[in-house]
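A short write-up of the structure that comes next.
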Amino acid sequence: MGSRIILVSIGFSMLFCGTLFSQQNYSSDYSLNESQGTIPEDFLINVSQRVADEKEKSEDLLSDDNDKRDDQEDFLITSSASLEGMLTGGRVMFGDPLTNYVNKVADKIIDANPDLKGKFSFYTMRAGFINAFCTPQGKIFVNVEMLTRLEDEAMLAFVLCHEMSHYLEHHGLNQVAYQHDLKELRKTRKYLSAGDYLKLAYSRSKDHELEADRKGLELLSKTGYNIKSYEKLLHLFAVSEQVEDDAAFSKSYFESADFTIPACYEIDKVDEIEKKWDENDTYVTHPNNKARLEALKQYEASRGFIGAGNADFLVGKAEFDQVMQQAKFENINDCIDDLQYTKAFYLTYSLLQKYPNNKYLNSSMCKILYGLSKYKVHGIYYYVGQSYEDFGGQAQATNYFFKNLSGKQISAISLKKMYELRSLSSNPNMIDTLIQDLTADVFYEYSLTPNDLTTKATKYTQVVDNSLSPAKQRFSARNFYKGALRQASKSGIYNNITAAAQTVVAKKKKHDDLSYNDKLKMKKAKEKAQKKYGYGIRMTAENTVVVHPSISFRKRANVEKTLERMVNRETEFNNSLKVQLKKIGLPSTLYSMNNLDGQNVEYYNKSSFLRNWALVRTYGFNKAAPKNTHLDLLKRNFPNKKYAIMYSIHPYYFRSSYFKVIDMTTGKAVYYKELETSSTVTGMINIFEREVLNANK
């Protein structure tokens, strides 16, 4: 309940609730931002201390009713644990140009409202959707995508004022108290249905949002920022689920002089972008945008706000423009990590119209096309694709195009484009790895051979009958993809990549042709060989990194004891691992987001990258999950490392624990061991040592 309330009642969320810029040459390349400076105190406090501090600070705000007080204390504990999860999740930035800019705008607000000083911390969050939220501890997070969609600085100022108001009005604790009262009410009034209960709970949440709007406007009125900035902001929120329209999408991006895509794969006409303005808000946490706008206008008229400012910029338009530009580049990587491939495609496509030779953009495009193709080939495109009917504008055209391509077709045009872009990318070797893996998938899943790729394209040039329905036109033109494969085969590295892909496919098919008994014999023989000779993994202290653990626990009745048990178990596990690794000569230093005390910002950046990489690897489905799309960033962060140890304990959710060794040069797991929850921490490490590490001796 607690962690859900944070998002429901605290955030300005669309779902729930003089900086020196690094000199980026956008025409040639882009380097992703990293955190800079001293690690903030927020990251150094352990979760137990965070809970104790929050209880002490909130003592006067807690109810005198014991049961209600228990609920509020549970909320403080779970919200502190949720904050810990965000800060250690690998996506929070500090000291970078975007976060510094957010803090500059916040300073303008605090300077005009001195009583706010020392109450808040501000960070940016790597996330590809519009959102900003404040935790009960006064930590305000602004998603990177939010920054890409703002028109001016005053809009950001109102967002921050709104979030500050949630904290100042103690909306989190108030919501918990109200929901406790509702539960008690249901006990005495049995006719209060679940629907009525939700209506009342959401109604109070909407009251909190309107109160934060009013309080936020009060704070903003003292700053000099445009008092009417909320108008543009709410109009933005009305289209927040749409994609910004910068460039008209055309299939010609994939075409060349000798290859075209039939017109039936393009949408005839895109719909206008639909605004979510006056929708039914009965069962949602926020009032609809029309209601909020009307309420704010009425409040502004009643208060007058004589002398309120009208400045769109106080920090400065030049710095705002720099932030918006960087945020657009950063957001592409965030969308890729979130598997929002069609969205990432359009954002990248739009920027490529202006910066066609940018290596970062062309590398990103290869990652996107690889991801889209993998999910399409394996029949799970629904996991990453979006319905074109949910969009208007050019995002609709993009989603229509990809949805109507088959796995063969999207893979063919993607391979053609990736061959073309590899020389324009920041890491051609990584692109070669993606091309080889996708080629192997296409050969294996569709039983294609190199001959299918080298057949003359003219054989598949067809005249499509325009009188047919779009679906029938696409069926009659279905073999156009062979022309794309023909173009791909002209690359100078085609033969080498195809030969490597064929080797992979031949091995898979040889295994497929075995009988069940033969497969079982082969598996046993492999396990016997691994037991006798090890896995052939030559791990040393110099070539290995150890990644932050993933440990989860079921919430029990006593929330505080659950948290204490979680902290103790994680400490026990990490200490045991350090001892074992040190004993056999492997690195005993964990890149852990829970181990930042005394570390520098370089350690934080490496730890946060590894943490996020480990989480992204768990997304999706095994066959299509993005295993290789971080190879360039792995090389940048760990140029001399080959292996990464990952481990996870999920005793209550998945009833298992696992140990993995990842080859950082390929992205593939070279060792994987899953154990029952009855296995002890020491037992897991002993198995890992016996099966893998003894091979080093």
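The values are calculated or read from the model by the stated rules, or taken from the named source; none is laboratory data. The structure displayed is predicted, hence computed values, not measured ones. No Cβ is skipped: glycine too gets one built from the backbone with ideal geometry, and neighbour counts run over all protein chains shown. Protein only, heavy atoms only, side chains kept; ligands, DNA and RNA dropped before computing areas. Shrake-Rupley method; radii C 1.70, N 1.55, O 1.52, S 1.80 Å.
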Ignoring ligands, DNA and RNA, what percent of the 1.4 Å accessible area of the chain is carbon and sulfur?
-> 48 percent
Charge-dipole axis of the chain as Lys and Arg at +1 and Asp and Glu at -1 on Cβ define it, positive-most pick from Ser425, Ala440, His235 | Ala440
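Using mean Cβ contacts within 10 Å as the protection proxy, how do 56-68, 224-236 order, highest first?
On the way: 56-68: 12.2, 224-236: 20.9.
Going from most to least packed, we get 224-236, 56-68.
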Expressed in angstrom and rounded, the centroid-to-centroid distance over alpha carbons for region 505-544 and region 213-274 is 50 Å
In nm, to one decimal, how far is the Lys668 label point from the Thr449 one, both placed 7 Å along Cα→Cβ?
-> 2.4 nm
13 Å beta-carbon shell around Ala311, net charge (K/R +1, D/E -1) | +1
Solvent accessible area, Å² - Arg292, 1.4 Å probe, full protein context | 10 Å²
Lys/Arg +1, Asp/Glu -1 at C-beta; region 142-287 dipole; positive extreme among Ser221, Leu210, Ser256 = Leu210
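Assuming 0.36 nm per residue, please report the length gained on full extension of the stretch Asn600 to Asp65 beyond their Cα-Cα distance.
The span from Asn600 to Asp65 would gain 188.1 nm if fully extended.
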Calculate the length of the line joining the C-alpha centroid of region 382-412 to that of region 37-108, in whole Å.
-> 40 Å
Helix-only CD estimate at 222 nm, as mean residue ellipticity for the chain, using -39500 (n - 2.57) per DSSP H run (n ≥ 4) | -17000 deg cm²/dmol
Which one of Met86, Val102, Asn113 has its Cα pushed farthest toward the positive end of the charge dipole of region 30-172, where Lys and Arg give +1 and Asp and Glu give -1 at the Cβ?
-> Val102
Run the quick spin-label model on Ile687 and Glu389: label points 7 Å from Cα toward the beta carbon, then report their separation in nm to one decimal.
-> 4.7 nm
Can you pull the accessible area of Ser423 for me, 1.4 Å probe, Å² to the nearest 10?
-> 90 Å²
Which FRET efficiency value, to the nearest 0.05, is calculated for Asp465 and Ile306 with the Förster distance at 60 angstrom and r the Cβ-Cβ distance?
-> 0.30
Residue span Ser476 to Ser27: 0.36 nm per residue of separation minus Cα-Cα distance leaves a gain in nm of 157.5 nm
If you take the beta carbon distance between Asp246 and Thr188 as r and set R0 to 51 Å, what does 1/(1 + (r/R0)^6) give as a FRET efficiency, to the nearest 0.05?
-> 0.35
In the neighbourhood of Leu217 defined by beta carbon distances under 12 Å, the net charge of the other residues (Lys, Arg +1; Asp, Glu -1) is +2
Within region 476-499, whose backbone N sits under 19 Å from a point 7 Å along Cα→Cβ of Ala263?
-> 476-481
How far apart, in nm, are the 7 Å Cα→Cβ label points at Thr571 and Trp277?
-> 5.7 nm
Charged-residue dipole, Cβ positions (Lys, Arg, Asp, Glu), the chain about Cα centre, Debye nearest 20 | 3920 debye
Listed peptides 105-118, 536-549, 70-83, 512-525 by packing density, highest first (mean Cβ within 10 Å) = 70-83, 536-549, 105-118, 512-525
Read through the labelled values (1) 3, 10, 12, 11, 9, 6, 5, 5, 5, 5, 5, 5, 4, 4, 3, 3, 2, 1, 1, 1, 0, 0; (2) 3, 14, 25, 28, 19, 8, 2, 0, 0; (3) 3, 13, 21, 24, 20, 13, 5, 1, 0 and report the label of the one computed as P(r) over Cα pairs in 10 Å bins from 0, in percent from the structure.
-> (3)
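How would you rank 480-493, 249-262, 402-415, highest first, on the average number of other Cβ atoms within 10 Å across their residues?
Top of the packing list down: 402-415, 480-493, 249-262.
Given R₀ = 45 Å, FRET efficiency for Glu542-Val504 by Cβ-Cβ distance, to 0.05? Mind dumping the intermediate values first?
Values: r = 30 Å, r/R0 = 0.66.
Computed FRET efficiency for Glu542 and Val504 comes out at 0.90.
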Pulled fully out, how much extra length does the chain show between Lys561 and Gln49, if you take 0.36 nm times their separation in residues and subtract their Cα-Cα distance?
-> 182.9 nm
